[in-house]
Amino acid sequence: MAKDSIHKFCIAPMMQYTDMHDRYLLRLISRNVFLYTEMIATGSLIYGKCFNQLDFNDEEHPVGVQLGGSDINDLIECSKKSEQYGYDEINLNVGCPSDRVQKGKFGACLMLEPELVRDCLGNMKNAVDVPVSIKCRLGVDDNESYEFLYNFISIVKDSGIKIFIIHARNGILKGLSPRQNRNIPPLKYDYVYKLKKDFPELEIIINGGIKTLDECRDHLTKVDGVMIGRSVYENPFMLKDVESDIYGSIPITSSKKDVLGKYLEYVEKKLSEGHDLGRMMKHLFGLSRGDKYAKSFRIKILEIIKQKSLKGHKKELQDLLVY
Ligand SMILES: Cc1cc2nc3c(=O)[nH]c(=O)nc-3n(C[C@H](O)[C@H](O)[C@H](O)COP(=O)(O)O)c2cc1C
């Protein structure tokens, strides 16, 4: 079951984190993981004309764009634009519980409007040739039963989409911050497993609180894919073992120094195109995770960000990595 899914191991969309630079870094460690952009609000694309938010590196494929919105016409326009940009998939965010997103009537509050979600996704699907997917929660507020989730998926699947990414906890719309909403509502993996049993024709990807590859292997016996956010950001080199342990292929690197060297070449190229050094360097913090000189490595990165220059620091940075 899980063997064939291109979504066997996905990287979670994370605003301010999984930008094009972070995704490039992850791709230096894993050839196979499926990447997603941060959420991009349809309003900012269409009315803010911020189309450069869609920029990504060719090396990132396979990569999906995540859209936030609930206006059908806007979603159609942004889906078409994203397809033209070359994305491999268009994902709709139905999981973000922030106040700002609720005011815009998108994100997790849409779990209360399954018919609207179905219509949005159906129209997006008809507008493009690439697959369309959803990332949602188990429920919102006190809608905690499996029946609520079952009903939501039953209606939404009539859009014709097949890929469902489920963050295995409820979203609480009032009273919890987005950060608390990622930690406090309890994880209920069994709901996601049951979903796969009840809808075997759908591709079900489980997300939330997954930390190790052992956990991933266990989930993969029950669902089609796993998605990890924070644990990979904090320790990107864990992706090296994903190649062998999850995909059964040969790791593309065994050396953090090698990854760092290639990433710094990329940083220098992007600097010459006007990209911000701090935004690119911060993704390296986790690379030294577990190493002897991890703290010194992080301090060195902070120094580079403060000085706004890489010059003269590259070798020193590389020497602070153990292998
Ligand atoms: C800083 C941060 C930003 C996030 N931004 C998004 C986002 O833009 N879209 C989205 O669907 N989820 C977003 N999430 C939620 C993650 O995609 C994921 O569902 C959540 O962190 C649980 O997975 P994890 O325990 O593996 O991190 C964000 C999470 C974090 C920590």
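Any read-out appearing in this document is the output of simple, stated calculations on the displayed coordinates, not a laboratory observation. Predicted model only: the values in this text are computed from it and were never measured. No Cβ is skipped: glycine too gets one built from the backbone with ideal geometry, and neighbour counts run over all protein chains shown.
Annotation: segment 256-319 has a Kirkwood hydrodynamic radius of 11.8 angstrom, from the mean reciprocal C-alpha pair distance. Comparing 96, 68, 14 along the charge dipole axis of the chain, the residue lying farthest to the positive side is 14, per the Cβ-charge model.
Considering only 220, 271, 260, the Gaussian network model of the chain with Cα springs below 10 Å gives its largest mean-square fluctuation to 271.
Among 135-141, 311-317, what's the highest-first ranking by average C-beta atoms within 10 angstrom per residue? Provide the component values of the computation, followed by the final result.
Numbers: 135-141: 24.4, 311-317: 13.3.
Output ranking for 135-141, 311-317: 135-141, 311-317.
What you get for the chain, charging only the Cβ of Lys and Arg (+1) and of Asp and Glu (-1), is a dipole of about 1220 debye around the Cα centre. Evaluated with a Cβ-only charge set (Lys, Arg +1; Asp, Glu -1), segment 256-319 carries a dipole of roughly 180 debye about its Cα centre, given to the nearest 20. Relative to the longest principal axis of the Cα atoms of the chain, the long axis of helix 114-127 makes an angle of roughly 60 degrees. Among 11, 184, 29, the largest mean-square fluctuation in a Gaussian network model of the chain (Cα springs under 10 Å) belongs to 184. Largest mean-square fluctuation among 143, 91, 207, in a Gaussian network model of the chain whose springs join Cα atoms under 10 Å apart, belongs to 143.
In terms of packing, defined here as the mean over residues of other Cβ atoms within 10 angstrom, the peptides 61-67, 170-176, 125-131, 278-284 line up highest first as 61-67, 278-284, 170-176, 125-131. Look at where the Cα atoms of segment 211-279 and of segment 135-206 average out, and the two centres are 26 Å apart.
Here, P(r) means the percent of Cα pairs in each 10 Å bin from 0 to the largest distance; for the chain it is 6, 27, 33, 24, 9, 1. Amide H contacts of residue 38 (H built 1.01 Å from N, in plane; Pro and chain starts excluded): 14 sit under 5 Å, all sequence-distant by 5 or more or on other chains. Under the criterion of Cα pairs below 8 Å and six or more residues apart, the relative contact order for the chain equals 17 percent.
Placing unit charges on the Cβ atoms of the charged side chains and taking the dipole of the chain about its Cα centre, the candidate lying farthest along the positive direction among 177, 127, 281 is 281.
When only the Cβ of Lys, Arg, Asp and Glu is charged (+1, +1, -1, -1), the dipole of segment 13-57 relative to its Cα centre reaches about 140 debye.
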